[in-house]
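S.K.: Below is one structure. I have some questions about it.
The values are calculated or read from the model by the stated rules, or taken from the named source; none is laboratory data. Treat the numbers as computed from the prediction; the structure is a model and nothing was measured. Methodologically, a virtual Cβ is constructed for each residue, glycine included, from the backbone with ideal geometry; neighbour enumeration extends over all protein chains shown.
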Amino acid sequence: MLREILHYTQVADKKLIGIFQSEQDISLKAIALFSHVLNAQHIWANRILNQKPKFGVWDEIEASLFAKISEENFKLFETIFDTVPLDEEITYRNSRGEFTNLVQDILFHVANHSTYHRAQIATLFKGSGIYPPVTDYIMLKREHQL
């Protein structure tokens, strides 16, 4: 199921990326939030793989690079699914200290975190007169996009 949830995250993210690529007047806040989503995905994947991340959690990414970075992130997640047991514990350090979590819990967090911020971005899009794409899991499933 986690693989399905991460696939859903990838499909939903691609829908937002399409808006970032096609619209001219996207709020800087929306760009910053989606940069954060991609950075967090990158950081978590690299923590699981015991690699040093290239990005900080709030680094701003140019919208033109969103698709490339998203693709790289989901390749990392595929590597995780192929090489790391989901019940393995990962110890990592962040600004609040040192923590240990199971890979499966981290991956669920990544998907949930992404969904949370996509909703914020959808609200920002609406405020700018941009109709946000439908990214509800059940809708995408019903439409055979997953």
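S.K.: Given the conditions (1) surrounded by 16 or more Cβ atoms within 10 Å (Cβ to Cβ); (2) touching a strand residue (DSSP E or B) at 6+ places or on another chain (Cβ under 6 Å), report the number of the one that A63 does not fulfil.
M.R.: (2)
Yes or no, residue by residue, for (1) buried (at least 19 other Cβ atoms within 10 Å of the Cβ); (2) more than 18 Å from F125 (Cα to Cα); (3) of a type in the set (V, I, T):
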site	(1), (2), (3)
L16	yes, no, no
Q24	no, no, no
I31	no, no, yes
S35	yes, no, no
Q41	yes, yes, no
N46	no, yes, no
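S.K.: Restricting attention to the stretch 115-131, which residues are part of a loop (DSSP other than H, G, I, E, B) and crowded, with 17+ Cβ neighbours inside 10 Å?
M.R.: Of everything in the stretch 115-131, just one residue is part of a loop (DSSP other than H, G, I, E, B) and crowded, with 17+ Cβ neighbours inside 10 Å, namely I130.
S.K.: For T135, are the conditions met, namely being touching a residue at least 12 places away in the same chain (Cβ under 8 Å), part of a helix (DSSP H, G or I) and surrounded by 12 or more Cβ atoms within 10 Å (Cβ to Cβ)?
M.R.: No; evaluated as a whole, the condition is false for this residue.
S.K.: In the stretch 76-95, what residues are under 19 Å from V57 (Cα atoms), surrounded by fewer than 11 Cβ atoms within 10 Å (Cβ to Cβ) and modelled with pLDDT of 95 or more?
M.R.: Hit for the stretch 76-95 is T91, nothing else.
S.K.: Moving to a separate point now. As an exercise: evaluate N50 against (1) on the phi > 0 side of the Ramachandran plot; (2) under 14 Å from the mean Cα position of the chain (by Cα) and give the number of the one condition it does not meet.
M.R.: So N50 meets the others, but not (2).
S.K.: For the subset of the stretch 48-60 comprising residues that are in contact with a His (Cβ under 9 Å, 6 or more places away or on another chain) and within 21 Å of F108 (Cβ to Cβ), which member is surrounded by the most Cβ atoms within 10 Å (Cβ to Cβ)?
M.R.: This residue is P53.
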